[in-house]
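Note sheet for the following structure.
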2 protein chains.
Amino acid sequence: MLRAAVTLADEVGIDALSMRSLAQRIGVVPMALYKHVANKEELLDGMVDVIVGDIDLPTPGADWKAAVRERVLAARASLLRHPWAARVIESRTSASPVVLDHMEALVAAFRAGGFSVDLTHHAMHALGTRMWGFTQEVFPTPAQPADADARAAMLGRFAARYPSIVEMASTTGGCDDQFEFEFAIDLLLDGFERLHQQGWTSAERS
Amino acid sequence: MLRAAVTLADEVGIDALSMRSLAQRIGVVPMALYKHVANKEELLDGMVDVIVGDIDLPTPGADWKAAVRERVLAARASLLRHPWAARVIESRTSASPVVLDHMEALVAAFRAGGFSVDLTHHAMHALGTRMWGFTQEVFPTPAQPADADARAAMLGRFAARYPSIVEMASTTGGCDDQFEFEFAIDLLLDGFERLHQQGWTSAERS
DNA sequence: AACCGTAGGTGTACAGTGTACACGTGTCAA
DNA sequence: TTGACACGTGTACACTGTACACCTACGGTT
């Protein structure tokens, strides 16, 4: 049933996934679903578990940095298979055992790398949603008018009001999500490494 | 009307904010709202604009790092006034002018600090949702049974399965959101600074 | 062999949601 | 006086999640 929900959401989108549509897909009456989940939230929890459970386990034995990096990128790969997954994960309010397994593994990787509990804690916070392999889109692409003249005029007004954004958008081509994501975790991981090497403690905060 | 929606959401929560409840609060029939917004999404867009428009402008003239930091923390302060704001912002699909103003200011700050367009671009991506002053909660607090014995037993099982997490949770006290947030942006900003100083380009990526 | 608990599926019903559409009503410019 | 326009109204519809009572089949105990 959870698998069915996941594939249905893949096909029709998460908004079109209702208890009724899922029931119909399974060939069962809507209320039958409630023998398996208490409510829709629990269904979504289960769907997240399916995806998180699909995260490929990283090769053991690597140093902490590679281990964390690999695991986070594996999570990303799993999430990217389902466009709706990020939004659903963000909306969860509690962590299931499957989710906790993922976090436990990350925390353990830092600890195995000799990180203090303190630094590990803050490092996890700093990773934020990136530990799930996604970050919110920073620049949503605005809707463009179809008419070419209108589009040019709009771009002109846009450039007048947001010169820095336009400069950036026109200089760099379309952005490579994967590159941006790796840029960010690497920046964070390098920062963690530096703090770790210099024996950073949260007490001695500037 | 947008202000009314914001204060109503503050009072009753974002889930209880329906077109009907908002209309009733204003003392008008539900469909009257549709003379001002095309649909509920546009209402939410407007509510975000109200909040983003409330961001205190940072003192001009500071160096890029202070400027970015101040602006992001100001955004955070504005967001924190409305518990539902983060979730709503995350769910937006396009950026309004008010939102673009905020981003433009951040991009401009990097550029004024001598950052290349390239590095600025990646820096913005790396900031991610933090440019809005929030990061998703990393560790949701699990529900605890009321009975003391049951709670102890549960903690035991929990510690057996998630030793690293429990170690972390018991060593560090409850976590200070603000501290974690500042830890993360500072880590990122320091990373940006380092890359900037060494003339980093995305071409020469390792 | 009779029994019963339990897991699962069914049917109906209800309150609540967003919003389409047709219809007022007032105000202000031509 | 007229007519455009901004704004409010009322009704109606399709859809949502889910409470509640009911049915059915199977596995183990007596």
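The values are calculated or read from the model by the stated rules, or taken from the named source; none is laboratory data. A quick note: this is a predicted structure, and the numbers were derived from the prediction, not measured. Note: ideal-geometry Cβ built from the backbone for every residue, glycine included; neighbour counts use all protein chains shown. Just the protein is used for accessible areas: all its heavy atoms, side chains included, with ligands, DNA and RNA removed. Shrake-Rupley method; radii C 1.70, N 1.55, O 1.52, S 1.80 Å.
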Of the residues in the stretch B:14-35, those that are within 14 Å of DNA strand D (Cβ to nearest atom) and not in a helix (DSSP H, G or I) number 5
Condition met for B:A9 (open to solvent by less than 20 Å² (accessible area, probe 1.4 Å), within 16 Å of DNA strand C (Cβ to nearest atom), in contact with a Phe, Trp or Tyr (Cβ under 9 Å, 6 or more places away or on another chain) and aliphatic (A, V, I, L, M)): yes
When A:R3 is run through (1) at pLDDT 90 or above; (2) open to solvent by 70 Å² or more (accessible area, probe 1.4 Å); (3) closer than 15 Å to A:G133 by Cα; (4) not hydroxyl-bearing (S, T, Y), the failure sits at (3)
Given the conditions (1) within 16 Å of DNA strand C (Cβ to nearest atom); (2) among the small types (G, A, S); (3) assigned to a helix (DSSP H, G or I), every one holds for B:A67 apart from (1)
(Q) Scan the stretch B:3-13 and tell me whether some residue there is closer than 30 Å to B:F192 by Cα and away from DNA strand D (no atom under 16 Å from the Cβ). (A) no
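Restricting the search to the stretch B:42-62, which residues are within 16 Å of DNA strand D (Cβ to nearest atom) and open to solvent by 70 Å² or more (accessible area, probe 1.4 Å)? Give the derivation first.
As a first pass, look at the stretch B:42-62 and keep what is within 16 Å of DNA strand D (Cβ to nearest atom): B:42-43, B:46.
Matches in the stretch B:42-62: B:E42 only.
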Query raised in the report: If you go through the stretch B:32-47 one residue at a time, do you hit one that is more than 9 Å from DNA strand C (Cβ to nearest atom) and within 14 Å of chain A (Cβ to nearest Cβ)?
Result: yes
Of (1) modelled with pLDDT under 95; (2) assigned to a helix (DSSP H, G or I), B:L44 fails just (1)
Here, helices (runs of 4 or more DSSP H) confined to the stretch B:85-142 with at least 1 residues that are more than 8 Å from chain A (Cβ to nearest Cβ) and open to solvent by 20 Å² or more (accessible area, probe 1.4 Å) are B:85-91, B:97-112
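Name the one entry in B:G53, B:G61 that is within 30 Å of B:I185 (Cα to Cα) and either touching a Phe, Trp or Tyr at 6+ places or on another chain (Cβ under 7 Å) or touching a residue at least 40 places away in the same chain (Cβ under 8 Å) (or both).
Only one candidate passes the filter, namely B:G53.
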Apart from one, (1) closer than 26 Å to B:A86 by Cβ; (2) charged (D, E, K, R); (3) open to solvent by less than 50 Å² (accessible area, probe 1.4 Å) all hold for A:K65; the odd one out is (1)
Of those in the stretch A:177-206 that are more than 9 Å from chain B (Cβ to nearest Cβ) and part of a loop (DSSP other than H, G, I, E, B), the residue most open to solvent (accessible area, probe 1.4 Å) is A:Q198
Out of (1) at pLDDT 80 or above; (2) surrounded by 12 or more Cβ atoms within 10 Å (Cβ to Cβ); (3) facing chain A (nearest Cβ under 7 Å), the one B:T171 does not meet is (1)
Screening A:R87, A:R76, A:R69 for residues that are within 16 Å of DNA strand D (Cβ to nearest atom), in contact with a helix residue (DSSP H, G or I) (Cβ under 8 Å, 6 or more places away or on another chain) and under 30 Å from B:V107 (Cβ atoms) leaves only A:R87
